Amino acid sequence: MNDFAAHSDDWKAKEELAERMIPLIGGLKRDNEVVTSLHGHRLLGLPATGLLDVHARVAQLGHEELAVEDTLAVLEALREIAPGASSLDVARLVSDHALSEMALDEYLREALAPAMGAEPAEPTDVVLYGFGRIGRLLARILIDHTGGGSGLQLRAIVVRRGAENDLVKRASLLLRDSVHGRFAGTVTVDEDAEQIIANGTRIQVIYSDDPATIDYTGYGIHNAIVVDNTGRWRDEDGLSQHLRSTGVARVLLTAPGKGELKNIVHGINDSTILPEDRIVSAASCTTNAITPVLKAVDEAYGIVRGHVETVHSFTNDQNLIDNFHKGDRRGRSAVLNMVIAETGAAKAVARALPELAGKLTGSAIRVPTPDVSLAVLHLTLERSAAKDELNDYLRRVSLHSQLRQQIDYIESPEVVSSDFVGSHRAGIVDGLATIANDCDVVLYVWYDNEYGYSRQVIRVLEVMAGSHPVVLPTRREVTLTS
């Protein structure tokens, strides 16, 4: 057999193994509320080639190579053991089992003891107030997470009626997206009930101009969390209008909050959300992208001061062609110019990470790309850093630490912004671009300012609803020397 035929047969064998994983992954989610991942890369919904790609990416990160056969063996054992609602890192289970002397089944039963018999979270109704870029991505994620009648349940969207065929247009925008591609499934409308039906989830469309006068209970919605995606109200007074509507329990703002509102970056300060906090903010996309990286660097090296420059894709608040705009410079064409803009992200970091208060400045440049942005962190550290040492630390943080859902890491001379469309992480460190000169370092952090941020919003929603399952194996503490 020649080399070409041998490689082809090897690929076909791996593809066949990956195909056998798909019903196991789906069944674990559907029947047991078990979400599986490989070092934080979610497996549910991936085709066979996608599953093999995740295995390859894990190896490219410098982690020990994960055999497809080992992943399949763990998934088959999990299906037999049937743990309760949980989030399971299959790669960690494989590697930890290799260090033990137990049989696989025996090891898994011991490792998964905290999840055995774990009940799914009580359902929490979610209403999306506003259905723009972030609102529609949140809808996609919530629909994808729906299963078993537990956890976060998307019940309604609230919009202002824009046309006679408004319902059809809203459904079409959910189905087709020029940046993130077609919705994975079917989207239809029930015009009589004024509902969008996406993969069997019925989403009530409520037309209203007033957040304070809606009776959600009339639609069977109770104790809902309203996610305000409009950006129209950013302080407690404005957002508290939602609480005057019947059926609303809490409010989450998908923009930086003003005044005394808690600005939450999941993974950093989500533990500060209290049951009595009825209104919180999920901060901004840039704040979510840079704060976890800054926390990791500060813990290992100490940050004396720094400047954050964001190269940010244009957004809906800019003009396509030159026209009047109340903001400075934003009236000039977003698709033809780089536009210097204001950003409060550097100061906002301190609201989630008080130890960096007064240490950061920030500025922004809007550029003619529709999605994915880049934060350049110029930092002065308390102790000197070598490039390889710093990169290795951040790579390990992305794989093993409590910030694994927030930070990703890549080393490739070929990647550009569009390669990060659809990233689940809040920010991705570009290791090859890192500059380190004694105590002065520069880090480049990519982020999908739409989808990566939306994932962070969902994580905050899960904390508010108490719906995130137990995470196993427990994530490790990563230090510079570990």
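Brief remarks on what is shown
- Put the Cα centre of the stretch 168-224 next to the Cα centre of the stretch 368-417 and the gap is 37 Å.
- Bridgeable lysines around Lys12 (alpha carbons under 27 Å apart, same-chain partners fewer than 8 residues away excluded): Lys29.
- Filter on Lys262/Lys326; Lys347/Lys387; Lys326/Lys347; Lys262/Lys295; Lys262/Lys347 - keep pairs with C-alpha separation over 21 Å: Lys262/Lys326; Lys347/Lys387; Lys326/Lys347
- Base-10 log of normalised Debye intensity for the stretch 286-449 (one unit scatterer per alpha-carbon) at q = 0.08, 0.19 Å⁻¹: -0.24, -1.19
- Ignoring aspartates and glutamates fewer than eight residues from Lys359 along the same chain, the ones with Cα atoms less than 16 angstrom from its Cα are Asp298, Glu299, Glu309, Glu382, Asp440.
- Calculated SAXS-style log₁₀ I(q)/I(0) at q = 0.30 Å⁻¹ - the stretch 135-196, Debye, Cα scatterers: -1.44
- Annotation: the antiparallel percentage among DSSP beta bridges lying fully within the chain is about 45.
- Förster radius 41 Å - calculated FRET efficiency between Asp392 and Asn316, Cβ distance, rounded to 0.05: 0.55
- Neighbourhood charge, 14 Å Cβ-Cβ cut-off, centred on Val311 and excluding it, Lys, Arg +1 and Asp, Glu -1: -3
- Placing R0 at 25 angstrom, the Cβ-Cβ distance between Arg79 and Leu175 gives a FRET efficiency of 0.15 after rounding to 0.05.
- Under the combined filter of DSSP loop state and at most 11 neighbouring Cβ atoms within 10 Å, the stretch 99-162 retains these GluC sites (Glu not before Pro): Glu101.
- Charge tally for Glu411 (other residues, Cβ to Cβ under 14 Å; Lys, Arg +1; Asp, Glu -1): -2.
- Ile197 versus Val304: modelled label distance in nm, points set 7 Å from Cα along the beta carbon direction: 6.5
- From its DSSP helices (H runs of at least four residues, each -39,500 (n - 2.57)), the chain gives a residue-normalised ellipticity at 222 nm of -10000 deg cm²/dmol.
Every read-out reported here was derived from the displayed coordinates using simple, explicitly stated rules and does not represent laboratory data. Fair warning: this is a prediction, and the values are worked out from it, not measured in the lab. Here Cβ is always computed from backbone atoms with ideal geometry, including for glycine, and neighbour counts include all displayed protein chains.
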